[in-house]
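The values are calculated or read from the model by the stated rules, or taken from the named source; none is laboratory data. Everything numeric here is computed off the predicted structure, so don't read it as measured data. For neighbour counting, all protein chains shown are included, and Cβ atoms are generated from backbone atoms with ideal geometry for every residue, glycine included. Accessible surface areas use protein heavy atoms only, side chains included; no ligands, DNA or RNA. Shrake-Rupley method; radii C 1.70, N 1.55, O 1.52, S 1.80 Å.
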Amino acid sequence: MKYRARSFAALSLALMLSACGSSQPETLSILAMDTAMTFSVYGDDADTVLSDASLEVRRLDALLSRTNPESAVAHLNTGDQIQVGEEVCGLIAAAQEYSAATGGAFDITLAPVSTAWGFTTDSYQVPSQEELDALLAHVGMEHIHLTEDAATLDPGTQIDLGAIAKGYASDQLGALFQRSGVERGWVSLGGNVLTWGSRPDGDPWEVGIQDPAHPDESSALVCSLFLQDAFAVTSGSYQRYFEQDGKRYHHILDPKTGAPAESGLVSVTVVADYAPGNGTMCDALSTALFVMGEEDALSFWRSGTYDFELVLVTEDGRVLVTEGLADQYAPAEGSTYVFETVS
């Protein structure tokens, strides 16, 4: 059996600062939420902001981690009604909203199913259909019961906020930047990127989308996006997977089947302007739209339910870019992908 667990950046930041003048950033890298994270901030108080950013991410990791037995989520998964607090209840409520909006394509109650595949423990295996059917009986947002600061799960139901927690963390870091008066900087939380302000030369930041065909080559890109004051989040089947008997099984599960989604997509990037909550939204939608597949993902984008843009990479070598990004991207040099602008 072969496996690859990729917890580092699905979006790599190509920071091109040759014209940046005398202004230089302070940068900090940490490991949290099972992900390599980097924060880069410009300004006189950069060191303080970086310290506060690190503390905030570690606070959220301790609060939201399913595998930390002391976390609010782990205590909730024991089956007791507990006061997880308004912050956790608010995040669960947001997950419920995105689940309803996407017809159940986003679902935080898949936790036991993910464990059955070994994606939580790194003990990879293909569960039987009987095992999946038994677990799926406890999957669905109707099994979560919320009050303002307390939550209860139906017996057999557990949650995992991993598909939304880093997006929420990026929202919190954006709020920190705003409070601290940060003029420019960026954050990379694995596949979650926040660009703040512009580069010192006034140009947008360049955010490279990893080529799913070459996941081990950080310089191998599908295209670059040029963004400022924006969130960009990628979900891809290449980020974490294992192979058994010649078949590849990735970590993005379809809540309807309990199996890895077979949607015809290999990568989904959701982009939105900076606004409170948009980091969380981008994180949830990148997963949901991957599950939904090309046609339904584009229909959802066209519906205007939320304000965002998309880059979809398909199994057959196409890259679909929604029209709001038409003048904000460039294909990678020598790319063999076929690019289409979607309206």
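Loop only by DSSP, 13 or fewer other Cβ within 10 Å of the Cβ. Give me the GluC sites (Glu not before Pro) in the stretch 98-161 that pass, ordered by residue number. Qualifying residues, ordered by number: Glu148. Remark on Arg199: its backbone amide H falls under 5 Å from those of Trp205, a criterion applied only to residues 5 or more positions apart or on other chains, H modelled at 1.01 Å from N. Taken one residue at a time, the phi angles of the stretch 264-276 give Karplus couplings (6.51, -1.76, 1.60, θ = phi - 60°) of x, 10, 10, 7, 10, 10, 10, 10, 8, 4, 5, 6, x Hz. Gly and Pro are set to x. In percent, rounded to a whole number, the relative contact order of the chain is 20, using alpha-carbon pairs under 8 Å and six or more apart. Would you please classify the overall shape of the chain from the alpha carbon gyration tensor, given that a ≥ b ≥ c denote the square roots of the eigenvalues, rounded means a/c under 1.5, and beyond that prolate means a/b larger than b/c while oblate covers the rest? Note, shape of the chain comes out oblate. The distance separating the Cα centre of the stretch 246-291 from that of the stretch 137-192 comes to 15 Å. Amide H contacts for Phe339 (H built 1.01 Å from N in the peptide plane; partners 5 or more residues away or on another chain; cut-off under 5 Å): Val319. Charging the Cβ of each Asp and Glu at -1 and of each Lys and Arg at +1, and nothing else, the dipole of the stretch 117-181 about its Cα centre rounds to 440 debye. Largest accessible area first, the listed residues Thr78, Thr109, Thr287 line up as Thr78, Thr287, Thr109 when surface is computed with a 1.4 Å probe on the assembled protein chains.
In the chain, the DSSP-assigned H stretches of four residues or longer account for a calculated mean residue ellipticity at 222 nm of -9000 deg cm²/dmol, using -39500 (n - 2.57) per stretch and the full residue count as denominator. Rounded to the nearest Hz, the phi-derived 3J(HN,Hα) couplings of the stretch 128-141 under the Karplus curve 6.51 cos²θ - 1.76 cosθ + 1.60 (θ = phi - 60°) are 6, 5, 4, 5, 5, 4, 5, 6, 5, 5, 10, 9, x, 5, where x marks glycine and proline.
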